[in-house]
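Novice: For reference, the structure I am asking about is given below.
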Amino acid sequence: MSYADLHLHSHYSDGTFTPEEIVARGQKQGLGALSLTDHDTVEGCEMMASECAKVGIEFVVGTELTSEHKDNELHILAYFVDPKNERLLREIAKFQIVRQDRIREMVAKINALGVPLKAEDVFALANCKSPGRPHVARTLVRHGQCRTLDEAFERFLKKGRPAWVPKSKMSALEAIELIHQAGGLAVLAHPGLNRNDQSIPDLVAAGLDGIECFHTKHPPGTSQHYLGMANKYSLLVTGGSDCHGMSKGKPLIGTVRLAREHFDKLKAAAAAKKISTTNAHQ
């Protein structure tokens, strides 16, 4: 039986691996299905789909949207969305601009502390439309302003640190609706990190399809807790390593393995949603 890793980031957002490298590593791990879930972009999905097809790995188009509900930040994973859906592309393009503006604000705050850093250098290193804090951290390390990524976050970039800049977010309920109109499934990412279980009933009422029970930072007890939540609310179960390449010290691909039975249920739900959407428009 093969397994899936459905939470992966490439250099099209804040990961360090190319889609080709992700697929090669996934193949070495014996994975049968992968999803690319870069932040606010589907740009790398076409390339990764092509690479997966070459080696017989199933591929799921995905993206990860940063949202909020009642002042709590929540990440919503989108699976099986149409990567050419016009409204989806318009909305994520807005948040790409938000990300770029946020980089400029963080760099300005770092400069105000007497640390020389150029936004252009961050963008050059990122070389993508969806830059994030890890790119600022990497640039600080590259230019000798910090010794490690951890130091960059501790000194400047973590929430509460002097260069922290809050991120503009869409409503979680809007994110779910956006994903659905693009033909996809909406899944709550790493709920054990957000610790906002009280938001789950509202998300379910808005049409949430699933919950990421298995995650690198979910110990077994946490995974069991969210498996219980999935059962309680009749939600699909997903899981993934949340690999960002080497940016977190080691490649995590395959360290979290979603069982085939859960992946097959996810596929079936996506197929059913597309059929119902097609019928509704006939």
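Novice: Can you give me the number of residues within the range 1-16 that are touching a helix residue (DSSP H, G or I) at 6+ places or on another chain (Cβ under 7 Å) and open to solvent by less than 10 Å² (accessible area, probe 1.4 Å)? Break it down stepwise before answering.
Specialist: Taking the range 1-16 first, the residues touching a helix residue (DSSP H, G or I) at 6+ places or on another chain (Cβ under 7 Å) are 1-5, 8, 10, 14.
Retained after the next criterion (residues that are open to solvent by less than 10 Å² (accessible area, probe 1.4 Å)): 4-5, 8, 10.
Number of matching residues: 4.
Novice: Which pairs turn up if I take residues in the range 181-209 that are within 13 Å of Leu227 (Cα to Cα) and look for partners that are open to solvent by 30 Å² or more (accessible area, probe 1.4 Å) and among the β-branched types (Val, Ile, Thr) with beta carbon separation below 9 Å, at least 6 apart in sequence or on another chain?
Specialist: Close Cβ pairs (under 9 Å, with a partner that is open to solvent by 30 Å² or more (accessible area, probe 1.4 Å) and among the β-branched types (Val, Ile, Thr)) amount to His190/Thr216; Pro191/Thr222; Gly192/Thr222.
Novice: Looking only at the range 1-48, which residues are charged (D, E, K, R) and either assigned to a strand (DSSP E or B) or under 23 Å from Ala126 (Cα atoms) (or both)?
Specialist: Residues satisfying the conditions are Asp5, Asp14, Glu20, Glu21, Arg25, Asp38, Asp40, Glu43, Glu46.
Novice: How many of the residues making up the range 140-167 are open to solvent by 50 Å² or more (accessible area, probe 1.4 Å), closer than 14 Å to Ile103 by Cβ and touching a Phe, Trp or Tyr at 6+ places or on another chain (Cβ under 9 Å)?
Specialist: 1
Novice: Checking Lys129 against (1) touching a residue at least 24 places away in the same chain (Cβ under 8 Å); (2) part of a helix (DSSP H, G or I), which single condition isn't satisfied?
Specialist: (2)
Novice: Okay, next question. If you scan the range 218-246, which residues turn out to be at pLDDT below 95 and surrounded by fewer than 18 Cβ atoms within 10 Å (Cβ to Cβ)?
Specialist: Met246
Novice: Filter the range 79-94 for residues that are of a type outside the set (Lys, Arg) and more than 18 Å from the chain's Cα centre (by Cα); which is least open to solvent (accessible area, probe 1.4 Å)? Talk me through it step by step, then tell me what you get.
Specialist: Keep residues of the range 79-94 that are of a type outside the set (Lys, Arg), which gives 79-83, 85-86, 88-89, 91-93.
With the extra rule that they be more than 18 Å from the chain's Cα centre (by Cα), the set shrinks to 85-86.
Working: Asn85: 24, Glu86: 134 Å².
Applying the filter and picking the extreme gives Asn85.
Novice: Still on this structure, please answer the following. Counting only residues that are touching a residue at least 60 places away in the same chain (Cβ under 8 Å) and closer than 19 Å to Phe263 by Cα, which one in the range 23-53 is surrounded by the most Cβ atoms within 10 Å (Cβ to Cβ)?
Specialist: Here the answer is Thr37.
Novice: Right, another one. Restricting the first residue to the range 225-239 and requiring it to be over 15 Å from Leu185 (Cα atoms), which pairs with a second residue that is open to solvent by 20 Å² or more (accessible area, probe 1.4 Å) and not in a loop (DSSP other than H, G, I, E, B) meet a Cβ separation below 8 Å and a spacing of at least six or different chains?
Specialist: Short answer, once both residue conditions are applied: Met229/Asp197; Tyr233/Pro201; Tyr233/Val204.
Novice: Restricting the search to the range 95-139, which residues are open to solvent by less than 30 Å² (accessible area, probe 1.4 Å), more than 18 Å from Leu149 (Cα to Cα) and touching a helix residue (DSSP H, G or I) at 6+ places or on another chain (Cβ under 7 Å)?
Specialist: Ser130, the sole residue that qualifies.
Novice: Do any residues in the range 263-282 that are more than 14 Å from Phe59 (Cα to Cα) have Cβ atoms under 9 Å from those of residues that are in a helix (DSSP H, G or I) and modelled with pLDDT of 90 or more, where the two are at least six apart or on different chains, and which pairs are they?
Specialist: Correct list of pairs: Lys273/His180; Thr277/His180; Thr277/Gln181.
The values are calculated or read from the model by the stated rules, or taken from the named source; none is laboratory data. Keep in mind that what you see is a predicted model, and the values were worked out from it rather than measured. Note that we place each Cβ from the backbone using ideal geometry, even for glycine, and neighbour counts take in every protein chain shown. These accessible areas exclude ligands, DNA and RNA; they are computed on the full protein's heavy atoms, side chains included. Shrake-Rupley method; radii C 1.70, N 1.55, O 1.52, S 1.80 Å.
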